[in-house]
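Engineer: Dropping a structure here in structure tokens format, bear with me for questions.
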Amino acid sequence: MKKTVKDIKVNGKRVLLRADCNVPIEEGKVTDDTRIRETLPTIEYLREQGARTIICSHLGRPEGKVVEALRLDPVARRLSHHLGTQVRKVDHVVGREATEVVETLEDGDVLLLENTRFHPGETENAEVLARKLASLADVYVNDAFAAAHRAHASTKGVAALLPAVAGLLMTREIQTLDKVLHEPKRPLVTLFGGAKVADKIEVMESFLHTLQADVLLVGGGMANTLLEAKGLDIGDSLWEEDHLQTVQTILDRAGSGLILPVDVTVAERFDEDSESRTVDVDAVPKGWHIMDVGPKTVQLFQDKLRWAKMVVWNGPLGVSEMEPFARGTLAVARTLAETDAQTFVGGGDSAAAIAAAGVSDKITHISTGGGAFLEFLSGKELPGITALADL
Ligand code: ADP
Ligand code: MG
């Protein structure tokens, strides 16, 4: 058990809060503020307690340089709106200006620092940045579960230099996902899709062997590499050659627990307006692309999902951002909403599909993490969590 913000005194203290404000921004406006809203309870708690809250977060991948489009000003505006108070913002991650503004904070005030990844020391977990961040505060609170799998200066480095505890969102994520890891309900059915085979292959392995999932359903771009490894002709579909060997191992070891698409929707071009049709998985036309799972596959997956007592899902079953190829993903999202099983969903695109299906409130837990969700459930230690004090 990790110490939480409720286990320490924060009144009158300067609290450095690592939040996850990595939200989509278009033309200076936040287009989906889910992650900001998820961290509000922690900020509100700190304000009620009379802390002086200094928030830091990364946004996108500016790679150690200032990128104008990735400044956190739109985030400060969203935070101000939700908190009903002016959240101040400085234009640097650390340094003189930040230090000076922190000195003027009063109890209950909230300040937002600039995008941590503007500083080259962030992703390298540089001691110099960790020290500067630590010098701004008396206490460190980490609420950024979605960044907890990264050993960065604002997640790991600074935690070693200040009393470090978990925020309320972080605590909820840990407690909920711990139950999946240590008290899985059976049948346990896991559903994988999306594109990043490299990121997910290890997790699939651990689901099969550590969590001993009863069934592993695979769709989306992930499935393509597995189909290719089985020797099927997948046309010009997206797949990852580098991972053929690993995938082969999974195929060999998984046996009948691993279920792949039996039919697919294929398109002539990788395009929303392309001609498309549904074919059996062994009849993909030359040069065409697998874009979605077909209706027979949806049926097959739904039967398994209805049988499950616990479902873990990451990754869309098709190119769900293109409306004609979102069908399989949406159908499965609705099935998850209808079952009595406990349902756990992680990953940005998967959560977006759940929202698009209008069933967010019918899912047991939608994690704010993608990579962190998967790594946690594969039993790995997350550096951002390990760095926090134990109770
Ligand atoms: P999440 O954000 O839920 O973790 P990912 O980011 O891993 O999911 O995967 C989502 C991406 O996978 C989407 O951009 C989607 O277009 C892509 N994808 C899914 N199926 C296919 C496919 N058959 N071919 C190409 N891309 C696919
Ligand atoms: Mg994604």
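The values are calculated or read from the model by the stated rules, or taken from the named source; none is laboratory data. Just so we're clear, the structure is a prediction, and the values are computed from it rather than from any experiment. No Cβ is skipped: glycine too gets one built from the backbone with ideal geometry, and neighbour counts run over all protein chains shown. Please note that ligands, DNA and RNA were not included when accessible areas were found on the heavy atoms of the full protein model with its side chains. Shrake-Rupley method; radii C 1.70, N 1.55, O 1.52, S 1.80 Å.
Engineer: Looking at region 236-251, which of the residues that are away from ligand 1 (no atom under 11 Å from the Cβ) and of a type in the set (A, V, I, L, M) is surrounded by the most Cβ atoms within 10 Å (Cβ to Cβ)?
Structural biologist: Restricting to residues being away from ligand 1 (no atom under 11 Å from the Cβ) and of a type in the set (A, V, I, L, M), the top hit is Val247.
Engineer: Moving to a separate point now. Let me confirm something: among Thr278, Thr297, which residue is part of a strand (DSSP E or B) and of a type in the set (S, T, N, Q)?
Structural biologist: So the residue among Thr278, Thr297 that is part of a strand (DSSP E or B) and of a type in the set (S, T, N, Q) is Thr278.
Engineer: Further question: Looking at Ala147, Ala166, Ala98, can you tell me which residue is under 30 Å from Leu377 (Cα atoms) and touching a His at 6+ places or on another chain (Cβ under 8 Å)?
Structural biologist: After ruling out the rest, the residue left standing is Ala147.
So that you can scan it fast, the table gives a plain yes or no per residue for (1) open to solvent by 20 Å² or more (accessible area, probe 1.4 Å); (2) within 24 Å of the chain's Cα centre (by Cα):
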site: Thr31; (1), (2): yes, yes
site: Thr34; (1), (2): yes, yes
site: Arg52; (1), (2): yes, no
site: His58; (1), (2): no, yes
site: Glu68; (1), (2): yes, no
site: His81; (1), (2): yes, no
site: Glu103; (1), (2): yes, no
site: Glu114; (1), (2): no, yes
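Engineer: A further question follows. Please give the helices (runs of 4 or more DSSP H) falling wholly within region 313-391 in which 2 or more residues are more than 9 Å from ligand 1 (Cβ to nearest atom) and hydrophobic (A, V, I, L, M, F, W, C).
Structural biologist: 327-338, 348-356, 371-377
Engineer: Looking only at residues that are in contact with a helix residue (DSSP H, G or I) (Cβ under 7 Å, 6 or more places away or on another chain) and either more than 16 Å from ligand 1 (Cβ to nearest atom) or among the hydroxyl-bearing types (Ser, Thr, Tyr) (or both) in region 181-196, which one is farthest from Leu227 (Cα to Cα)?
Structural biologist: Among those residues, the one meeting the criterion is Leu181.
Engineer: Could you tell me which residue of region 246-263 is farthest from Gly219 (Cα to Cα), considering only residues that are under 27 Å from the mean Cα position of the chain (by Cα) and assigned to a strand (DSSP E or B)?
Structural biologist: Leu258
Engineer: Limited to region 197-217, what total is found for residues that are within 16 Å of ligand 1 (Cβ to nearest atom), of a type in the set (D, E, K, R) and touching a strand residue (DSSP E or B) at 6+ places or on another chain (Cβ under 7 Å)?
Structural biologist: Of the residues in region 197-217, 1 are within 16 Å of ligand 1 (Cβ to nearest atom), of a type in the set (D, E, K, R) and touching a strand residue (DSSP E or B) at 6+ places or on another chain (Cβ under 7 Å).
Engineer: Would you check if His289 is within 17 Å of Leu226 (Cα to Cα), within 16 Å of ligand 1 (Cβ to nearest atom) and not assigned by TED's automatic domain parsing to the domain that holds Asn22?
Structural biologist: The answer is yes for His289.
Engineer: With respect to Asp340, determine if the residue is among the charged types (D, E, K, R) and outside the structural domain of His209 (by TED's automatic domain parsing).
Structural biologist: no
Engineer: Here is a follow-up. Read through the list (1) open to solvent by 20 Å² or more (accessible area, probe 1.4 Å); (2) in contact (Cβ under 8 Å) with a residue 40 or more places away in the chain; (3) more than 17 Å from Asp143 (Cβ to Cβ), then give the number of the only condition that Ser350 fails.
Structural biologist: The one condition Ser350 does not meet is (1).
Residue-by-condition table, conditions (1) over 18 Å from Pro187 (Cβ atoms); (2) open to solvent by less than 60 Å² (accessible area, probe 1.4 Å); (3) small (Gly, Ala, Ser):
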site: Arg253; (1), (2), (3): yes, no, no
site: Asp263; (1), (2), (3): yes, yes, no
site: Ala267; (1), (2), (3): yes, yes, yes
site: Phe270; (1), (2), (3): yes, no, no
site: Asp280; (1), (2), (3): yes, no, no
site: Pro285; (1), (2), (3): yes, yes, no
site: Lys296; (1), (2), (3): yes, no, no
site: Gln302; (1), (2), (3): no, yes, no
site: Trp307; (1), (2), (3): no, no, no
